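Working notes for the structure below.
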Amino acid sequence: MGKTTFTRREIIKQGSIALTALALPFPLTAFTKYNTMTDNNNFDVIIIGGSYSGLSAAMALGRALRNVLVIDSGLPCNQQTPHSHNFITQDGEKPLVIAEKAKKQVFKYDTVKFINDLAVGGKKTEDGFVITTKNNETFITKKLIFATGVKDIMPQIKGFSECWGISVIHCPYCHGYEVKTEKTGILANGDFAFHYAQLIRNWTKELTIFTNGKSTLTQEQTDKIRKHNIPIIEKEIAYLKHENGNVQQVVFKENSTFDLKAIYSRPAFEQHCKIPELLGCELTEQGYIKVDMFQKTTIANVFACGDNTSPMRSVVNAVATGSLVGAVTNNLMTEEEF
Ligand SMILES: Cc1cc2nc3c(=O)[nH]c(=O)nc-3n(C[C@H](O)[C@H](O)[C@H](O)COP(=O)(O)OP(=O)(O)OC[C@H]3O[C@@H](n4cnc5c(N)ncnc54)[C@H](O)[C@@H]3O)c2cc1C
């Protein structure tokens, strides 16, 4: 056997790779990574987005013997939240751990390849689609699935983004139990504030609405909210005082403060990936990718699943719609091939 010699730099590099591998919950070799030098770039299905919904679709398709590529840029929407709840078998687990477990299971199928990259372009061709990436890779596919999630747009309130997913929460089913009976705020206005007041009152009676400016609640909504002793504060907010993302106070522009432990808020969002729109996929009025009950978009052979298609924002819904889209895509292909 030939003798291999290493430079000092190579030894350090190999050592740090080994240490990184040790820190991961499973070995790096468990991944069927796409090899840009040797692998064919032609796939039955490309899934853009490799978080919960994309991985779930990949599992269904990989097990259906489809030749699948998952392209993922590694930025799931829940990355800042310490624990994920309300998904049986994974309740209270760290979001990253759930995703890593899923990757370990999905990428053990040699039918599924994975590449860490950002899809930046998509074009319809005669037999399918061509996808290009930030790293200048080009892939060809017959069917396309968008599992790309949404991007939350943080409001211009200092402290908000630091608390997002930790003590500023979007969903009571995900995090309400952990702050039940605590002094809680609803940072919202109009119909949304009314809806949240009705809902969150089930988790805590220590509730205050912050409209951050003039209230747009109707008189009828205001009367109902007052009947339940929920104060409505219209003062403009300067910032959220917090420690490591745990909110302590709302500080108003006129310098007064309000102590609390949690805030519910649902910021505006946009599609994380613009390729569906480039391909002509219609969006709903709320900004979701329009799909039918089988997760088919308005463009033939293009599917979507997870947060990008639905306000029912949860890991379990992402996994369910991903699994459905995998089966529907495979079913369409079997019909075409038969
Ligand atoms: C702060 C917060 C806390 C939450 N807590 C809970 C909870 O406790 N329990 C619960 O059930 N749900 C929770 N959710 C909701 C849950 O996280 C989402 O419903 C779920 O992550 C949606 O999965 P997804 O696969 O559709 O999208 P995401 O998980 O957002 O993943 C989308 C993936 O697509 C990739 N991507 C996007 N565009 C491209 C592109 N062009 N090229 C390549 N890759 C791309 C992104 O990098 C990302 O990896 C929480 C959400 C938030 C925001």
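A few remarks follow.
- Two-decimal Rg to Rh for region 62-145 - Kirkwood Rh, Cα set: 1.04
- For a modelled paramagnetic label at residue 261, 7 Å from Cα along Cα-to-Cβ, the residues of region 149-168 in reach, with backbone nitrogen under 13 Å, are 167.
- Stretchable slack from residue 243 to residue 284, in nm (0.36 nm times residue separation minus alpha-carbon distance): 10.9 nm
- Dipole magnitude for region 90-246: about 140 debye, using +1 per Lys or Arg Cβ and -1 per Asp or Glu Cβ, origin at the Cα centre.
- The DSSP beta bridges internal to the chain are antiparallel in roughly 45% of cases.
- In terms of distances greater than 27 angstrom between alpha carbons, the cross-link table entries 33/101; 113/296; 108/143; 123/296; 101/290; 214/274 yield 101/290; 214/274.
- Longest site-free stretch - the chain; sites: GluC sites (Glu not before Pro), DSSP loop, at most 11 other Cβ within 10 Å: 127-253
- Size descriptors for the chain, from the alpha-carbon set: Rg then Dmax equal 23.2, 85 Å.
- Here the label points at residue 120 and residue 331, each 7 Å from Cα along the C-beta direction, are separated by 3.8 nm in the simple model.
- Taking a ≥ b ≥ c as the square roots of the eigenvalues of the alpha carbon gyration tensor, region 155-265 is oblate, as a/c is not under 1.5 and a/b does not beat b/c.
- Cysteines in the chain that, by Cβ-Cβ distance, have no pairing candidate under 4.7 Å: 77, 163, 273, 281, 305
- Selection of trypsin sites (Lys or Arg not before Pro), region 187-260, meeting DSSP coil and at most 13 other Cβ within 10 Å: 205, 214, 253
- Debye, to nearest 20: dipole size of the chain, +1 on Lys, Arg Cβ, -1 on Asp, Glu Cβ: 800 debye
- Calculated FRET efficiency, residue 228 to residue 154, Cβ-Cβ distance, R0 = 25 Å: about 0.25 to the nearest 0.05.
- Overall form of region 230-338 per C-alpha gyration tensor (a/c, 1.5; a/b vs b/c): prolate
- Near residue 236: Cβ cut-off under 14 Å, other residues only, Lys/Arg at +1 and Asp/Glu at -1. The net charge is +2.
All of the numbers you see were taken from the coordinates with simple rules; none came from a lab. Worth saying up front: this structure is predicted, and the values here are computed from it rather than measured. Every residue, glycine as well, gets a Cβ built from its backbone with ideal geometry; the counts of neighbours run over all protein chains shown.
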